[in-house]
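Accompanying notes for the structure given below.
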Amino acid sequence: MPRDDLKKRIEALNKKPLKNVPEAKQTAKPAVVTTERVAYSRSVPTLTANPQPIQPSKSGKPVKLEDVVDGIITQAPVGPGYYLVEMPATSLDACAGVMYEQFLRLTGYPDGTAVERLARACKSESIAPEEIIFMDLETTGLSMTPLFLIGTMEVTPDGLHFKQYFARDYSEEVSIITAYAERMRSARMVVTFNGKSFDVPFLSTRALAAGVKCPAPEFHLDLLHESRRVYKHDLPNCRLQTLEQMVCGRCREDDIPGAEIPQAYHDFVRSGDAGKIAQILYHNLYDLLTMADLMHRMWHRD
């Protein structure tokens, strides 16, 4: 399908124009167009509420984790501890507050009548917004390799809130798994993208290898399956970043490719240079936030 025709179909599907999708005639790399959302472009980012660029060390020394990621060393029920990163989603994207209100409507808050697709996912049982957790993993490979980051987005009375459980080396994998398992004991639904095929089985396998009992969520909503149902005839594929660009109307710049993430983490463990760690954590945060945005656009289009 020609790109112009595809763009028109997506605009008709969303009932609004796409604001920053490059035109078909462009040959050079398109610039990110600033919309009402915070720009997705950061060079050498710091993971703080108000990110400021960090200049590379003139001495050539490795960049320390605490210089680029604002987190705290936290003890876990099992293991040596881990690095916890927390922030409100509005620190990442100014429109996260709107996404929060939209998400509450999907859950049926406050009258308890969830939108059909979400109600079907939880078997029509009443589910409170704070019982739902978005989850996305970053791993060192596709099978039987350590995971090093469990990213979550929780629904709190104040809005969407990120928590990232980061292992500073391979020994801390057990720590982040146990910390996440502890949090999941009070959750009823997990929302993922391709989580039924990858994230949840991967996490279960790594928990088993670490000797940790990780509770399975009562309900699991995999947005990959939902997006295929809604958009399979309108998009070239249903990858998350394709949906983010063509459905949500945003594109990322300076994002680290997923294929480069495992080696970037191995390099960090080997050298202690955290230069790319903030990029990995941002990549994870944007994936989580896009899930909430996508849910509203699929099921409650304005």
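Here, each number is a calculation from the coordinates, and none is a lab measurement. Everything numeric here is computed off the predicted structure, so don't read it as measured data. Please note: Cβ atoms are built from the backbone with ideal geometry, for glycine as well, and neighbour counts cover all protein chains shown.
Here are a few things to note about the model shown:
- Using the Cβ-Cβ distance between Asp234 and Thr205 with R0 = 35 Å, the FRET efficiency computed as 1/(1 + (r/R0)^6) comes to roughly 0.50.
- Applying a DSSP loop filter and a limit of 12 other Cβ atoms within 10 Å to the trypsin sites (Lys or Arg not before Pro) in region 221-276 leaves Lys232.
- Ordered by the number of other Cβ atoms lying within 10 Å of each residue's own Cβ, fewest first, Ile261, Ile280, Ile73 fall into the sequence Ile73, Ile261, Ile280.
- Other residues with beta-carbon under 10 Å from the beta-carbon of Asp273 carry, at +1 per Lys or Arg and -1 per Asp or Glu, a net charge of +3.
- If R0 is 25 Å, the Cβ-Cβ spacing of Lys61 and Glu260 corresponds to a FRET efficiency of close to 0.65.
- With R₀ fixed at 25 Å, the C-beta to C-beta distance from Lys123 to Asp158 puts the FRET efficiency at about 0.30.
- The alpha-carbon of Lys64 sits under 12 angstrom from the alpha-carbons of these aspartates and glutamates, leaving out residues fewer than 8 places away in its chain: Asp273.
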